[in-house]
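Written below as structure tokens is the structure these notes are about.
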Amino acid sequence: MSPTQTAAADGSAAVAREVLSMRGIGKSFPGVRALEAVSLDVRAGQVHALLGENGAGKSTLMNVLSGGFVEYDGEIRIDGVPVAIHHPRDAKSLGIEMIHQELNLVQDLSIADNVFLGRELRTGRGTLDRPSMHARTRELLAGLGLILDPRRLVRRCKLAEQQLIEVAKALSQHVRVLVMDEPTSALADAEVRRLFDVIARLVDGGVAVIYISHRLEEIDKVADVVTVLRDGEQVGTVLQGSTSRSELIAMMVGRPMGELFPRPEHPPSATPCLRVSRLSADGDQAQGRAALHDVDVVVHEGEIVGLAGLMGAGRSELLQAIYGAAGRRVGGQITVGEKAYAPRSPAHGIGRHIAMVAEDRKGQSVVPGNTVRFNASLAALRRFAGWAGVDTKAERVAVGDVVTELRVRTPSLATDITTLSGGSQQKVVLARCLLTKPRVLLMDEPTRGIDVGAKAEIYALISDLAAQGTGILMASSELPELLAMCDRIVVLCEGRVTATLDRDEATQERILEAAMARQVVLDTTTSTESLARLIDSGDR
């Protein structure tokens, strides 16, 4: 840490009490030194951002703090007193809560059961006090802008809803230090603003927040202090605003970064590769699926078309319907090239040269416990099929070529994919798509939860694919991403198209206006009783 950075970081000592001090923290795994003498000072009533590329050690450091690891080097102090944290219950007893990037919910339990898991409220007779748990859960969700039945099973909630349920779970407890690891990765802009309001209320109440994010524009809005890690070591700690965004990126990646959005100026073809006309699908509240109503979308060869909208607008449902993964009846007409296409299954979509990157990498894209090679070639096995089965040599060569092209950081093709960083896992998912030689590429949150360096590489890949004539339909909650990368942006609200904006006319304000065109916005101060009546009546 430079003298300037040290002085800047220590300058806040007079205005806020230090609640947490981590000194000389080290952690090793077999063959890997994940953390090397990292120190972190966090003050009450402040948001302390933790930045770094995937694999920099951020989550490892926070897992040490939250009791995820029994053994580690160094010392942790709370209010200046040394403490031993070797189990999650040790951290909870000290008022330390962590919202993990990989959601930690029990899918077959209800929302309320997850919020109070292990801390169930009980009546005087010792039975579960479900009315109280449901009422408190409704109150917590309302504060986050969610109107959900606390009895709904978590597996029937959207990924963005599950992310906010994790926040509600943490807020249901007495919190002194709240760790938020990529809390907005599945949230649209409006939900992010609600979450920031919650963080502001927590900070005003004296809670210390440690905030991990790859979205640097969020750091500008929410953080007071920033600490950067790289390769398991602390690079520096600075006051937010004292260092430019490009300098923070250079601290993270160890080199100057070029243009983050390398979108070449080339006109797309006038030839449509995908045409969707009056596409409709029934909704399913129990499964958390939005209905689609007469959706029209056209993607031309070499064109990048963005899908914008709030949570529940139908972006994922539209991509799944086109791919054949909707799992329900879909009406309307779809044309790929000049041929009509009635999606029946993902295999049918792949056969029509449609590929898809799903939103939930962990739950929908990656097959855990299997190798990089297995995950990359899974959708393209027909390419390597011969009379005696799969031509493993041809498969290995093809996977090796695309993994090298995408610069996937992996020891070998035989490595378990779950040991790779989030960015490298996403590149393997993209490799799987490329091996099918897609004419249309559907992408749902393609850069969710990956660092700025990997983002730049994926943006470059998207741009290269468009330059080669691939049509790309991309849903994203990050408006800067859509505005920078897309030729056109289609805005959805409650399953309907409310605007189609060309690149030169699209702005964040116009997108948000269209995204809320049909919304009945509920004030988060609405009473719990009113929200309960809305939920129980099914009025959404």
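The values are calculated or read from the model by the stated rules, or taken from the named source; none is laboratory data. This structure is a prediction, so every number in the text was calculated from the model and none was measured. With ideal geometry, Cβ positions are generated from the backbone for all residues, glycine too; neighbour counts draw on all protein chains shown.
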Q | Breaking point among (1) out of contact with any Ser or Thr (no Cβ under 8 Å at 6 or more places or on another chain); (2) surrounded by fewer than 18 Cβ atoms within 10 Å (Cβ to Cβ); (3) of a type in the set (Gly, Ala, Ser), for residue 80 | A | (1)
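Being buried (at least 18 other Cβ atoms within 10 Å of the Cβ) and more than 23 Å from the chain's Cα centre (by Cα) is the filter here; which residues of the range 229-239 pass it?
We begin by selecting, within the range 229-239, every residue buried (at least 18 other Cβ atoms within 10 Å of the Cβ); these are 229-230, 232, 234-238.
Correct list: 234, 235, 236, 237, 238.
Name the single residue that is modelled with the lowest pLDDT among those in the range 424-462 being of a type in the set (Gly, Ala, Ser) and in contact with a His (Cβ under 9 Å, 6 or more places away or on another chain). Step through it out loud before you land on a result.
Initial filter on the range 424-462 (of a type in the set (Gly, Ala, Ser)): 424, 431, 449, 453-454, 456, 460.
Right, trim to in contact with a His (Cβ under 9 Å, 6 or more places away or on another chain) and you get 449, 454.
On the way: 449: 71, 454: 76.
Step by step, filter the range 424-462, then rank; the result is 449.
Here are 194, 176: which of them is out of contact with any Asp or Glu (no Cβ under 6 Å at 6 or more places or on another chain) and farther than 20 Å from residue 61 by Cα? Working first, answer last.
Values: 176 fails: farther than 20 Å from residue 61 by Cα.
Result of the check over 194, 176: 194.
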Q | Which listed residue is in contact (Cβ under 8 Å) with a residue 24 or more places away in the chain and crowded, with 19+ Cβ neighbours inside 10 Å, from 367, 440 | A | 440
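How many of the residues in the range 117-131 are under 11 Å from residue 150 (Cα atoms) and surrounded by 15 or more Cβ atoms within 10 Å (Cβ to Cβ)? Break it down into steps so the answer makes sense when it comes.
Step one: of the range 117-131, the residues under 11 Å from residue 150 (Cα atoms) are 130-131.
Still in the list and also surrounded by 15 or more Cβ atoms within 10 Å (Cβ to Cβ): 130.
Result for the range 117-131: 1.
Quick one: how many residues across the range 161-197 are in a helix (DSSP H, G or I), within 20 Å of residue 119 (Cβ to Cβ) and either within 12 Å of the chain's Cα centre (by Cα) or aliphatic (A, V, I, L, M) (or both)? Please lay out each step first, then the result.
Let us first name the residues in the range 161-197 that are in a helix (DSSP H, G or I), namely 161-171, 189-197.
From what's left, within 20 Å of residue 119 (Cβ to Cβ): 162, 164-171.
Still in the running and either within 12 Å of the chain's Cα centre (by Cα) or aliphatic (A, V, I, L, M) (or both): 162, 164-165, 167-168, 170-171.
Qualifying residue count for the region: 7.
Yes or no, residue by residue, for (1) small (Gly, Ala, Ser); (2) out of contact with any Leu (no Cβ under 9 Å at 6 or more places or on another chain); (3) assigned by TED's automatic domain parsing to the domain that holds residue 57; (4) closer than 22 Å to residue 164 by Cβ:
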site: 198; (1), (2), (3), (4): no, no, yes, yes
site: 201; (1), (2), (3), (4): no, yes, yes, yes
site: 210; (1), (2), (3), (4): no, no, yes, yes
site: 227; (1), (2), (3), (4): no, no, yes, no
site: 232; (1), (2), (3), (4): yes, no, yes, no
site: 242; (1), (2), (3), (4): yes, yes, yes, no
**Q.** Any helices (runs of 4 or more DSSP H) falling wholly within the range 208-325 and containing at least 1 residues that are β-branched (Val, Ile, Thr) and modelled with pLDDT of 90 or more
**A.** 216-222, 315-323
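Being in contact with a Leu (Cβ under 9 Å, 6 or more places away or on another chain), at negative phi and not assigned by TED's automatic domain parsing to the domain that holds residue 166 narrows it down to one residue among 19, 42, 70; which is it? Give the derivation first.
Numbers: 19 fails: in contact with a Leu (Cβ under 9 Å, 6 or more places away or on another chain); 70 fails: in contact with a Leu (Cβ under 9 Å, 6 or more places away or on another chain).
From the options 19, 42, 70, the qualifying one is 42.
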